[in-house]
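The values are calculated or read from the model by the stated rules, or taken from the named source; none is laboratory data. All of these numbers come straight from a predicted model, not from anything done at the bench. Counting neighbours? That spans all protein chains shown, and the Cβs are built from the backbone with ideal geometry, glycine included. Side chains are part of the model used for accessible areas, which takes the heavy atoms of the whole protein and leaves out ligands, DNA and RNA. Shrake-Rupley method; radii C 1.70, N 1.55, O 1.52, S 1.80 Å.
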Amino acid sequence: MTTATPLRLANQRLAALSWGDAAAPTWLDNAASFSRLAPRLVEHLGIRVVALDLAGHGQSRHLAGGGDYALWDYCHDVLDALDALDLDSAPLLAHSMGAGVACLLAAGLPERVDGLRLIDGLGALSTPAPSAPGQLRQGLQAARRTPSPAPRYADIDAAVQSRVKGSVTPIDADTARPLMERNLEAMPEGDWRLRSDPRLRWPSPVRFTPEQVLAMLGAIRCDVLLIEGRAGILTQRPGMDQARGALQRLSRHILAGGHHLHLEADRVPAVADAIVTHHACAGQG
């Protein structure tokens, strides 16, 4: 199985993992979340996969200053990575929030995106226009509170169990472990601390409206493969039929598994097969 190579990109601002030959066609995605899927794609497609920790996540730097993390700002993380890798464009493989970032980039700068491979994520969370003042209030209040210290754990097993118990979507320990191992740092006292920026948990003060999200999706010109977990977050989310309908070139697959089906050991082969088959049908190199 292909092993991952650590990378630092964009003047050391972004951390990444890379699988495959640097000379092969490159796909971009999100770091340890793809640690079980990426080697399979490298083996079957002969590509290079570069997986990013977005700003504030994993081993990438936190946002400077006291501001919040806006979804559209993450587009610059992807663009900075493309520039650092000397790539004019690349297919984007993304999960959950990363799928929202990929959709925005494909809508705003379609010349930089060769295709989208989305796993249990599509578009962006939205707020209806009448609810915008309340959304802004939540964001402002969160930013004015004293920041909470990063959680600390006696050992990695304790961190994994905390992730399992506190997850918004169901996740088992085996699936959570790669995510937590990437997102922990050892402390001098012998315990472990989360690396991710606590500000990531703040409510966004501003979101797109549902109409804006649909307009973004409608602007995407590349082909889109959407893989949904049967027990994931998209199959029952309101408005998803409209979101899917806004895409001009959509292939949809519903597979067994939850929100992290691409990391669930027994579900990874099916996810890989769907991507490999779609890649062959699309005739992409």
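General observations
- Amide H to amide H distances under 5 Å link Gly56 with Arg61, His62, Leu63, where only residues 5 or more positions off or on other chains count and H is placed in the peptide plane.
- Taking label positions 7 Å along the Cα-Cβ direction at both Asp174 and Arg221, the computed distance is 4.4 nm, reported to one decimal.
- Each Lys and Arg contributes +1 and each Asp and Glu -1, all at the Cβ; summed about the Cα centre of the range 33-129, the dipole is approximately 340 debye.
- Close amide H contacts of Ser18 (hydrogens built in the peptide plane, cut-off under 5 Å, sequence separation of 5 or more or a different chain): Thr5, Leu7, Ala51.
- Dipole check for the range 31-75: with +1 at the C-beta of Lys and Arg, -1 at the C-beta of Asp and Glu, and the Cα centre as origin, the magnitude is about 220 Debye.
- Leu109 long-range amide H proximity, modeled H, under 5 Å: none
- Between Ala143 and Ala231, residue separation times 0.36 nm minus the direct Cα-Cα distance comes to 28.3 nm.
- Dipole magnitude of the chain about its Cα centre (Cβ charges: Lys, Arg +1; Asp, Glu -1), debye to nearest 20: 760 debye
- Accessible surface computed residue by residue for the chain, with neighbouring protein chains in place and a 1.4 Å probe, gives 47 Å² per residue.
- Karplus-based coupling profile of the range 12-19, in residue order and whole Hz: 6, 6, 10, 9, 8, 10, 10, 10, with θ = phi - 60° in 6.51 cos²θ - 1.76 cosθ + 1.60 and x standing for Gly or Pro.
- 3J(HN,Hα) couplings calculated from phi for the range 251-258 with the Karplus curve 6.51 cos²θ - 1.76 cosθ + 1.60 (θ = phi - 60°) are, in sequence order, 10, 10, 10, 10, 10, 4, x, x Hz; Gly and Pro show x.
- Neighbourhood charge, 12 Å Cβ-Cβ cut-off, centred on Gly115 and excluding it, Lys, Arg +1 and Asp, Glu -1: +2
- Element breakdown for the chain at a 1.4 angstrom probe: carbon and sulfur atoms account for 52% of the accessible area.
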